[in-house]
Amino acid sequence: MFILAEKANHSIKAMCRVLMVSTSAFYDWLAREPSERDREDELLATHIRAIHKASKGTYGSPRVHAELRRGGFDVSRKRVIRIMQRLGLRARRPRKWKTTTVSTPGATVAPNRLKRDFTAKAPNEVWTADITYVWTWEGWLYLAAIVDLFSRRVLGWAAADHMRVDLVLEAFDKAVLSRRPPAGLMFHSDRGSQFTSHRFRKALADQGMVASMSRRGDCFDNAVSESFFATYMNELIHLQSWPTRRAAIAATADFIDARDNTRRLHSTLGYRTP
């Protein structure tokens, strides 16, 4: 394969001499029909390229392997890794980014009832929420999202040019409307002023929900929401610049509703979709 790749730069005879193979052996190899395994590798390579491209270059070997298995291919993870390495395909690495939580001094803060137990036996037992921000040429765009802990599905989201309590209330109302959850649901968030506000605490109480909040400055207490936003940034926002808020909101809607909730394979779900 090396000789074929470099034949435009070096003579075949010289490369065979350096690699200590005879030219006749090289031409014999070249004339051979590809083996059945070689043909299977080429077929897999075609599908692997398509899966990787459809993910916008964000899928690594675990998710590519899971997609192939879902498509009926009985292939090992090691084989997928080998083919991806040959094709030069790898997952995009997430950028480092930080969150900012603006707390209100003296606000009523709920205890951390979740305690990093990111498991749930059924939908609508625990919801998690957070806010992130996206830079556009028009200025900042803020996104609030509410995630069901059991399915990792985004139940409600809202985007605006501000991060007032109205933003999280819009996302909350959408989530409630889509699920009609029973009383007793645990709602976990950070200590941001939006979540500690009187209006939001009243909205939780009206639905019979129990508030839980992360400890001060500890993003790992809200890891599920943080993980969703990291994926959102890595697989959408950081792929391009955003001239307008409207364009970013339209792309966000497509990412959440047509991809993350319906097609993206989540490792915590055993590489299944929400």
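The values are calculated or read from the model by the stated rules, or taken from the named source; none is laboratory data. Since the model is a prediction, treat every value here as computed from it, not as a measurement. As a convention, Cβ positions derive from the backbone with ideal geometry for all residues, glycine included, and neighbour counts pool all protein chains shown. Areas reflect the complete protein model, heavy atoms only, side chains present, ligands, DNA and RNA absent. Shrake-Rupley method; radii C 1.70, N 1.55, O 1.52, S 1.80 Å.
One residue stands out among those in the range 112-125 that are closer than 23 Å to Ala158 by Cα and in contact with a Lys or Arg (Cβ under 9 Å, 6 or more places away or on another chain): the one that is surrounded by the most Cβ atoms within 10 Å (Cβ to Cβ), which is Asn124.
Of the helices (runs of 4 or more DSSP H) entirely within the range 16-75, those holding at least 1 residues that are modelled with pLDDT under 80, open to solvent by less than 30 Å² (accessible area, probe 1.4 Å) and more than 30 Å from Met233 (Cα to Cα) occupy 23-31, 36-54.
Taking the criterion of being under 15 Å from Arg191 (Cα atoms) and among the polar types (S, T, N, Q), the residues of the range 114-142 that qualify are Thr128, Thr132.
For the range 89-111, check the following and say yes or no: at least one residue is farther than 21 Å from Gln207 by Cα, surrounded by fewer than 18 Cβ atoms within 10 Å (Cβ to Cβ) and at pLDDT 90 or above. Within the range 89-111, not a single residue is farther than 21 Å from Gln207 by Cα, surrounded by fewer than 18 Cβ atoms within 10 Å (Cβ to Cβ) and at pLDDT 90 or above. Residues in the range 131-163 that are over 23 Å from Pro243 (Cα atoms) and either open to solvent by 20 Å² or more (accessible area, probe 1.4 Å) or hydrophobic (A, V, I, L, M, F, W, C) (or both): Ile146, Val147, Leu149, Phe150, Arg152, Arg153, Val154, Leu155.
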